[in-house]
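Since the structure comes first, as C-alpha cells, the remarks are kept for the end.
The values are calculated or read from the model by the stated rules, or taken from the named source; none is laboratory data. Nothing here was measured: the structure is a model prediction, and the numbers come from that model. Note that we place each Cβ from the backbone using ideal geometry, even for glycine, and neighbour counts take in every protein chain shown.
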Amino acid sequence: MSLSFDPDQLSFPKDSFINGKPLSGTGADIGVHRPSDGKLVHSFREIDAEDVDVAVTSAHQAFRTSGWASGEPRARSRVMRRWADLIEQHGDELARMEAAFSSRPIAETRTRDVPVTAEIVRFYGECAARMDGEVLATRSDIYSLTIPEPYGVVAAISPWNVPMILAMIKVAPALAAGNAVVIKPSELTPFSLLRIAELAIEAGLPAGLFNVLIGTGSKTGSALVRHPLVRYVSFTGSTATGAAIMAEAARHGLKPVSLELGGKNPQIVFADAPDLDQVARIVANAATRNSGQLCFCGSRLIVERRIADRFLSAVKAGMQAAIAGPTWEETTSLPPIINKTQQDRISNIVSRARDTGAEALIGGEAFEAGGGHFYKPTLITCPSDSNVIFEEEVFGPVLAVQTFDDAEEALKLADHPLYGLTAGIHTSNIDRALHTAKAVDAGMVWVNCYGRSMDIASPFGGHKQSGFGKDFGVAGFEKYFNKKSVWVQLNTPT
C-alpha cells in the first residue's frame with residue numbers, strides 16, 4: 001500500500017492548546033504555509049505576553065493541584081502508556097500531518113517519526129515508575145537522603161526541522177518527572193504537536209499540564225522564558241538563539257537552561273573503512289537526509305587522500321540519487337527547504353564559499369518545483385581550510401570535503417572552533433575507531449554508521465557551542481528534577 005496522500009484532504013487543529021482545550025491567541029495573525037507547494041493552509045492568532053501568562057499560570061495551578069507530581073509515579077506511567085498507544089493508533093493521521101506541513105517526507109514520518117514519538121512517551125513513562133532517591137552512608141544515628149523533585153513549570157522551545165520528535169523529547173520526560181510543560185513549537189510547523197496534546201487529554205493527562213503556544217520566538221518565546229513561574233527552560237535550535245535564551249533566563253530568575261544547538265559535523269573516512277561503497281551511501285545520506293536540515297547532518301567529509309578520488313565518485317552518485325519532490329509523495333527523498341529565507345541563506349553561504357576559492361563538484365544551485373523551494377545536493381571542495389564552507393552551519397544538502405594523510409591530521413581537521421555536536425568515524429581498525437572516538441570533541445560519535453537510530457536509550461547533546469544538557473536516554477529524564485538533600489538526626493529511643 002502506498003504511503004502517498006492528498007494533503008488537501010487533511011484536517012488539523014486550528015488554535016493554540018491551553019488548559020486542556022483549544023484557545024486562540026490575541027496577537028497578530030501568523031500564516032502557516034506548506035513547504036512543498038507554498039500554499040497558505042492556516043493563520044493562527046499569535047500568543048502574546050498576556051496569553052503566555054494565562055498558559056503558565058494554568059500550568060502552575062495544575063502542577064500544584066492535579067496530583068500529577070504528588071501522586072503515585074506508576075499512575076503517571078499508566079497515563080503515558082495510554083498516550084503512547086493513542087499516538088500509534090493515530091499514526092497515519094499524525095504522519096500525514098507532519099509530512100504535509102513540514103519538510104519531513106511521508107516515507108520517514110510514517111516509518112520513523114511516529115514510532116519514535118510513541119516510543120519516547122512510552123520510554124519516559126517507564127522512567128516515571130523507576131525514579132530513585134538515595135540513602136547516603138552516615139553514622140547509625142543519622143539518615144541522609146536525597147529526594148528528586150520536579151521543578152514545576154518547564155518551558156520548552158522546539159524547532160521546525162523534525163517537529164514531533166524534537167518537541168516530544170522535551171515534553172515526555174518533563175511530564176514523566178512530574179512537571180507541567182508549556183511549549184512553543186516552531187510557528188512554521190505546529191500542527192502535529194497540537195494533535196498530540198489533544199491525545200494527551202484523551203489518555204488521561206490532567207488539563208493544564210501540557211500547553212502548546214503558537215507564536216514567534218521574539219514575542220511568545222521571549223515572554224515564556226521571562227515568566228516568573230517558569231522554573232526550567234529547554235531549547236533546541238540555533239546557537240545564536242540559544243545564547244539569547246540563556247541570557248534572558250539569567251536575567252529573569254536565574255533559571256536552569258538546557259540547550260541543544262547547532263553543529264558542523266565531520267564524517268571521517270579512513271582508507272580501511274569496511275565496504276567503501278556502503279560507506280559512501282552512508283556519507284551521502286547523512287548530508288542529504290531531510291535536505292540537510294538536521295542539527296546532526298554530516299556536513300563535512302574528511303577522507304583519507306589515497307582513496308579520495310574513488311570515494312568521492314561514489315558519494316556523488318549517492319547524493320545525486322536523492323529524489324526531489326513534495327513531502328506527501330512516498331518516493332521523495334530530497335524534500336523542500338522549509339522556506340525561501342532558508343533557501344536564500346544556503347545560496348548565500350555557497351556563493352561566499354565559491355567567491356573565496358571553493359569549487360562545487362556537483363550541485364550548488366537552488367531551484368523551484370511545484371511551488372516549493374529546493375536546493376540541489378552539493379559536494380564542494382576548497383584548498384583553504386578556513387573557507388566559510390567548513391566553518392558555518394549551512395542547514396542544507398551541502399557536503400564540504402577535506403582530505404588527510406594520517407590520523408593526527410584527520411583529528412585536526414575534524415576539530416571545529418565553535419561546534420562539537422556529532423561526528424562519524426569509518427574504519428575497520430577497532431583501536432583506531434576507539435582512539436578517534438575518544439579524541440574527537442563531540443557529544444555523540446557514530447562508528448561505521450551515521451545518525452540516530454530509533455533507539456531512545458542513548459543520550460544526545462553537544463560540546464562547546466553545540467550546547468549542554470542531554471536529550472534522550474535516562475539523562476534526558478533526570479535533568480527535569482531538582483535534587484533535595486534531607487538530613488535527619490535520630491534521637492536515642494527511650
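Of all the criteria given as (1) more than 27 Å from Phe270 (Cβ to Cβ); (2) of a type in the set (A, V, I, L, M); (3) crowded, with 23+ Cβ neighbours inside 10 Å, the one not satisfied by Leu399 is (1). Restricting attention to region 211-225 and to residues that are of a type outside the set (D, E, K, R) and out of contact with any strand residue (DSSP E or B) (no Cβ under 9 Å at 6 or more places or on another chain), the residue that is surrounded by the most Cβ atoms within 10 Å (Cβ to Cβ) turns out to be Ala223. Filtering region 320-333 for residues that are in contact with a helix residue (DSSP H, G or I) (Cβ under 9 Å, 6 or more places away or on another chain), assigned to a helix (DSSP H, G or I), surrounded by 18 or more Cβ atoms within 10 Å (Cβ to Cβ) and at pLDDT 95 or above leaves an empty set.
Residue by residue, here is whether (1) crowded, with 16+ Cβ neighbours inside 10 Å; (2) basic (Lys, Arg); (3) assigned to a loop (DSSP other than H, G, I, E, B) holds:
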residue: Ser386; (1), (2), (3): no, no, yes
residue: Glu408; (1), (2), (3): no, no, no
residue: His416; (1), (2), (3): yes, no, yes
residue: Gly424; (1), (2), (3): yes, no, no
residue: Ala457; (1), (2), (3): no, no, yes
residue: Gly476; (1), (2), (3): yes, no, no
residue: Lys483; (1), (2), (3): no, yes, no
residue: Val486; (1), (2), (3): no, no, no
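In a residue-by-residue description of region 283-292, the property of being more than 22 Å from His416 (Cα to Cα), surrounded by 23 or more Cβ atoms within 10 Å (Cβ to Cβ) and free of Cβ contacts under 8 Å to residues at least 40 places away in the same chain applies to no position. Restrict the check to region 368-382 and report whether at least one residue is at pLDDT below 95 and touching a helix residue (DSSP H, G or I) at 6+ places or on another chain (Cβ under 7 Å). Scanning region 368-382 turns up at least one residue that is at pLDDT below 95 and touching a helix residue (DSSP H, G or I) at 6+ places or on another chain (Cβ under 7 Å). For region 86-96, the count of residues that are more than 20 Å from the chain's Cα centre (by Cα) and modelled with pLDDT under 95 is zero. Is it the case, given these coordinates, that Leu199 is farther than 30 Å from Pro493 by Cα and in contact with a His (Cβ under 8 Å, 6 or more places away or on another chain)? So Leu199 fits the description; yes.
Tell me, yes or no, whether region 242-261 has at least one residue that is buried (at least 22 other Cβ atoms within 10 Å of the Cβ), among the β-branched types (Val, Ile, Thr) and under 30 Å from Lys479 (Cα atoms). Checking region 242-261: at least one residue is buried (at least 22 other Cβ atoms within 10 Å of the Cβ), among the β-branched types (Val, Ile, Thr) and under 30 Å from Lys479 (Cα atoms). Each residue in region 119-152 was checked for being farther than 19 Å from Gly71 by Cα, crowded, with 20+ Cβ neighbours inside 10 Å and either outside the structural domain of Thr109 (by TED's automatic domain parsing) or aromatic (Phe, Trp, Tyr) (or both), and 1 of them qualify.
Count of region 383-409 residues, restricted to those that are more than 19 Å from Pro335 (Cβ to Cβ), out of contact with any Lys or Arg (no Cβ under 6 Å at 6 or more places or on another chain), small (Gly, Ala, Ser) and at pLDDT 95 or above, is 1.
Within region 175-205, the set of residues being in contact with a strand residue (DSSP E or B) (Cβ under 9 Å, 6 or more places away or on another chain), closer than 17 Å to Asn19 by Cα and not in a helix (DSSP H, G or I) comprises Gly178, Asn179, Ala180, Val181, Val182, Ile183, Lys184, Pro185.
Checked against the criterion of being of a type in the set (Val, Ile, Thr), outside any helix (DSSP H, G or I) and modelled with pLDDT of 95 or more, region 139-153 has at least one qualifying residue.
Each residue in region 16-44 was checked for being free of Cβ contacts under 8 Å to residues at least 60 places away in the same chain and of a type in the set (D, E, K, R), and 1 pass. Checked against (1) in a loop (DSSP other than H, G, I, E, B); (2) at pLDDT 95 or above; (3) exposed (fewer than 15 other Cβ atoms within 10 Å of the Cβ), Leu434 meets all criteria but (1). The set of residues from region 226-248 being closer than 22 Å to Ala172 by Cα and touching a Lys or Arg at 6+ places or on another chain (Cβ under 8 Å) comprises Val230, Arg231, Tyr232, Val233, Ser234, Thr236.
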